[in-house]
Amino acid sequence: MRACQNAAPIRQAAQLASLCVGRLTLAVPLRDLQSLEPVLDVDTQNCGGASAGTIDLRTGRCPVYCVDESLAILKDPRPEHRICAILDGGDAGPFGLICGAVEALEGDGLASVGVPPCMRTPDSPLEGLTLHGRRVLCRRTGAAWARFMSAGALEPAGVERSERSHMLTELDPGMDEDCV
Amino acid sequence: MSATGWLLSMRGKMHFAVGARELVYVLPDEPEIHQVPLAPAPAPGVIVWEDRVVPVIDVGLLLGGAHEAADDRTTSLAAMSCVAGIVAYTSDTAADDGVELGALIFRKIPEQVEVSDDQARELPDELIAHAALFTSCFEHTDLGPVPVLNLAALFSRAQAALVRVA
């Protein structure tokens, strides 16, 4: 065996917000995190399409999504999901993502790589992975998550991936630069 | 002429080999695999090794369909006792010296093996469709044909394409 001098190139990432969904940690650029709201404020009676409900903000009402660790849509938030993170969805407008914990991460402690080639699939919503200590974050912009949540991650857990893959966005390598 | 390598025991009672210098490190503990959502099943996640994010491929699961029925093919990595090894390969897309890292899942600690030219043989018929994933194949006294993995092809190709032919 021998020492290896390098591996996949690792680049410093910009400031990120991490959003914990069970053992899965999603990440968005910190600038995409608009506010944090209590889950109790989510109106779950008003859920349509993929959303688990809506929440009223000063700027208006926006959809709220809830996913599990495999990014399948959940209609009912789990008890450990106590926070509704309001994210900038770009053209889609703000949206809420229900999660268990939210943390702002400094760029100095972060290192990012693209999605490894062997893991790329047309239905992957990820633009890359970011290492923070021993944690691995699944990174994409708020706008991209908004597209994924509203157009792709519609089906509840248990639906075959191949059945929903046609609805999902293609991996967009260009998006990678947004977070770097 | 002979060469040394590592004999890899994968799930599904499958055996493959890599070159002596391609296996960089064997993790002493059960690997902590960080699941990547929507990743293909044979490439379920990454491990963190030496401050690097290293993709994991379960070759036994990837190629299991081409082999005889194996009772542990459907067992999740979390539920099975496994060993992970870090492998190195060269890639045109890698930075600096062109070395990239990947991780493979084994059923047990790899064993060193010495192979001579007269052990060379053709790939088994059931693996012909996956020929791009192997650099060669040799006959092992006890195990029969043992394909030698082409790590660059394995880690550089989108698994979706591989799964389609598996």
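The values are calculated or read from the model by the stated rules, or taken from the named source; none is laboratory data. Predicted model only: the values in this text are computed from it and were never measured. For neighbour counting, all protein chains shown are included, and Cβ atoms are generated from backbone atoms with ideal geometry for every residue, glycine included.
Taken over the range B:24-56, residues that are surrounded by fewer than 18 Cβ atoms within 10 Å (Cβ to Cβ) and either more than 12 Å from chain A (Cβ to nearest Cβ) or hydroxyl-bearing (Ser, Thr, Tyr) (or both) amount to 4.
Scanning the range B:23-34 for residues that are in contact with a helix residue (DSSP H, G or I) (Cβ under 7 Å, 6 or more places away or on another chain) and touching a residue at least 60 places away in the same chain (Cβ under 8 Å) turns up nothing. I'd like the full set of residues that are crowded, with 22+ Cβ neighbours inside 10 Å and within 8 Å of chain A (Cβ to nearest Cβ), limited to the range B:6-23. Listed by number, the list holds a single entry, B:Leu23. Scanning the range A:111-154 for residues that are closer than 21 Å to A:Gly22 by Cα, assigned to a strand (DSSP E or B), in contact with a Leu (Cβ under 8 Å, 6 or more places away or on another chain) and in contact (Cβ under 8 Å) with a residue 60 or more places away in the chain gives A:Thr130, A:Leu131, A:His132, A:Val136, A:Leu137, A:Cys138, A:Arg139.
Results for (1) of a type in the set (Gly, Ala, Ser); (2) under 30 Å from B:Val54 (Cβ atoms), shown as yes or no for each residue.
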position	(1), (2)
A:Asp76	no, no
A:Pro79	no, no
A:Arg82	no, no
A:Ala85	yes, yes
A:Asp91	no, no
A:Pro94	no, no
A:Cys99	no, yes
A:Glu103	no, yes
A:Glu106	no, yes
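As a summary of the residue check, A:Thr59 satisfies the conditions (1) within 14 Å of chain B (Cβ to nearest Cβ); (2) farther than 28 Å from B:Val59 by Cα except for the one numbered (1). Residues considered: A:Gly133, A:Gly93. Of these, the only one that is more than 9 Å from chain B (Cβ to nearest Cβ) and not hydroxyl-bearing (Ser, Thr, Tyr) is A:Gly93.
Here A:Leu171 meets the list (1) at pLDDT 85 or above; (2) surrounded by 16 or more Cβ atoms within 10 Å (Cβ to Cβ); (3) over 22 Å from B:Val48 (Cβ atoms); (4) more than 9 Å from chain B (Cβ to nearest Cβ) almost entirely, failing just condition (1).
Here is a yes/no grid of residues against (1) touching a Leu at 6+ places or on another chain (Cβ under 9 Å); (2) within 14 Å of chain A (Cβ to nearest Cβ):
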site: B:Val99; (1), (2): no, yes
site: B:Ile105; (1), (2): yes, yes
site: B:Pro110; (1), (2): yes, yes
site: B:Asp117; (1), (2): no, no
site: B:Pro124; (1), (2): no, no
site: B:Ala129; (1), (2): no, no
site: B:Phe134; (1), (2): yes, no
site: B:Cys137; (1), (2): yes, no
